[in-house]
1. Which lysines, on any chain, are close to K59 with Cα under 21 Å apart, when same-chain ones fewer than 8 places away are left out?
2. Straight-line reach from K98: which lysines have Cα under 30 Å away, leaving out those fewer than 8 places along the same chain?
3. What ranking do 139-148, 86-95 get when scored by the average of other Cβ atoms within 10 Å per residue, highest first?
4. How big is the accessible area of T155 in square angstrom, nearest 10, if you roll a 1.4 angstrom probe over the protein chains?
5. Of V112, V131, V124, which has the most accessible area and how do the rest follow, probe 1.4 Å?
6. Starting at the first residue of the range 94-104, write each ³J(HN,Hα) from the Karplus equation 6.51 cos²θ - 1.76 cosθ + 1.60 with θ = phi - 60°, in whole Hz, x for Gly and Pro.
7. Given R₀ = 41 Å, FRET efficiency for K98-L60 by Cβ-Cβ distance, to 0.05?
Amino acid sequence: YTFDAFAQQHANCSTGRYDIFCSCPCSEANALARYAFRDSPTHPTLGCLTPNNMTIGQKLKAFWNHPAGPKTIHFWAPTFKWGISLANIADINRPADKISLPQQCAITATGVIWSRYSTQITPVNYNLLAVNAFMALTGGYQLFRKISYDMAQQTPAATA
């Protein structure tokens, strides 16, 4: 596979650049291929290497070498953060009067803010996005329960 063949394949790229960093539709797949073959002395192909035609070993190597993969804190921090969301799910059966309003506000705000942040960094960290979106949802649900309970408690006192 030669550079000329690659240039011909990407002749319609909007950037006019004929390399694996072009903005053609396959550039995302080529980014994945760069992670899969980062330790190789030569890249086996300059064509489109998509997740559909990668072997399991290539996919695992791409995951391992990814900038947000298990060799970095960018993988482990969101992974352990799932514990907060799981604790919030466990608290669904907790009586609403025992729910801490400041704590649930913090969890919800953290989830919303960091969900947005995780889409703006490079590379996009989908584990961080997922855990924070889930934190925002579970925190929002707990806030709804607490506020509904507090409003129900105030209503009888106001009418009496």
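1. Counting by Cα, and skipping residues close in sequence, K59 has these lysines nearby: K71.
2. K81, K146
3. Details: 139-148: 16.8, 86-95: 12.3.
Result, highest mean Cβ count within 10 Å first: 139-148, 86-95.
4. Near enough 80 Å² of accessible area.
5. Numbers: V112 85, V131 0, V124 45 Å².
In descending accessible area the options line up as V112, V124, V131.
6. Going residue by residue, I get 5, x, 4, 6, 8, 6, 8, 5, x, 5, 6 Hz, with x marking Gly and Pro.
7. Working: r = 44 Å, r/R0 = 1.07.
The value I calculate is 0.40.
The values are calculated or read from the model by the stated rules, or taken from the named source; none is laboratory data. Not measured: the values here are computed from a predicted model. Cβ coordinates were reconstructed from backbone atoms using ideal geometry, including for glycine residues, and neighbour counts include every protein chain displayed. Remember, those area values only see protein heavy atoms, side chains included, never the ligands or the DNA or RNA. Shrake-Rupley method; radii C 1.70, N 1.55, O 1.52, S 1.80 Å.
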